[in-house]
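Just so you know, all these numbers are worked out from the coordinates, no wet-lab data involved. Being a predicted model, the structure only gives us computed values, none of them experimental. Glycine also receives a Cβ, built like all others from the backbone with ideal geometry; neighbour counts cover every protein chain displayed.
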Amino acid sequence: MPLPEPPDPLDLRLQEENPHLDDAGFTARVMSVLPRRRRAWWRPAILLGTVAMGSMFAARWLPWRELAALDGQALLSLNPQSLLPWAVVFSIMGSLTWTTLDAFQSED
């Protein structure tokens, strides 16, 4: 097993030094001149509108009454006849939830 290398004296010295350099207010002046970034209100509105429409379409067109009961026996049997409709339902609901969460995340 190799022995660990001793720390480099130059690395130790650079870690000890203060990395802040006094710029006589240059950074503050540049930051005050830059335009402020505004959060676009239309992006979350479009995403939430899309989620609302997708939810209405899902409520209207998904075969809710034809879905088999989702119990432990159906899960363990791995029968595609009963699991595929549930996979479609969960993927649609997951994408709607994902889009809703994306609409409320802040832009950086």
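In whole Hz, with x marking every Gly and Pro, tabulate ³J(HN,Hα) for the stretch 24-38 from phi via Karplus 6.51 cos²θ - 1.76 cosθ + 1.60, θ = phi - 60°.
Rounded to whole hertz, the list is 6, x, 4, 4, 5, 5, 5, 5, 6, 8, 5, x, 6, 8, 9.
Is there a quick way to get the dipole size of the chain? I mean about its Cα centre, with the Cβ of Lys and Arg at +1 and of Asp and Glu at -1; what is the value in debye to the nearest 20?
1020
Of Leu34, Trp61, Leu96, whose Cα points farthest to the positive end of the dipole of the chain (charges on the beta-carbon: +1 Lys, Arg; -1 Asp, Glu; origin at the Cα centre)?
So the residue we want is Trp61.
How far is helix 42-61 tilted off the main Cα axis of the chain, in degrees rounded to 10, range 0 to 90?
Roughly 20 degrees between the two axes.
Please give the peptides 21-33, 78-90, 54-66 ranked by average Cβ packing (other Cβ atoms within 10 Å per residue), highest first, as a rough proxy for protection.
78-90, 54-66, 21-33
With θ set to phi - 60° and the Karplus curve 6.51 cos²θ - 1.76 cosθ + 1.60, what are the ³J(HN,Hα) couplings of the stretch 94-100 in order, to the nearest whole Hz, using x for Gly and Pro?
So the J values, rounded to whole Hz, are x, 5, 5, 5, 4, 5, 5.
Where does the chain land at 222 nm, in deg cm²/dmol rounded to the nearest 500, when only DSSP H runs of n ≥ 4 count, each adding -39500 (n - 2.57), divided by all residues?
So the helix-based figure for the chain works out to -20000 deg cm²/dmol.
Counting each pair of different Cα atoms once, what's the Kirkwood radius of the chain in Å, rounded to one decimal?
20.6
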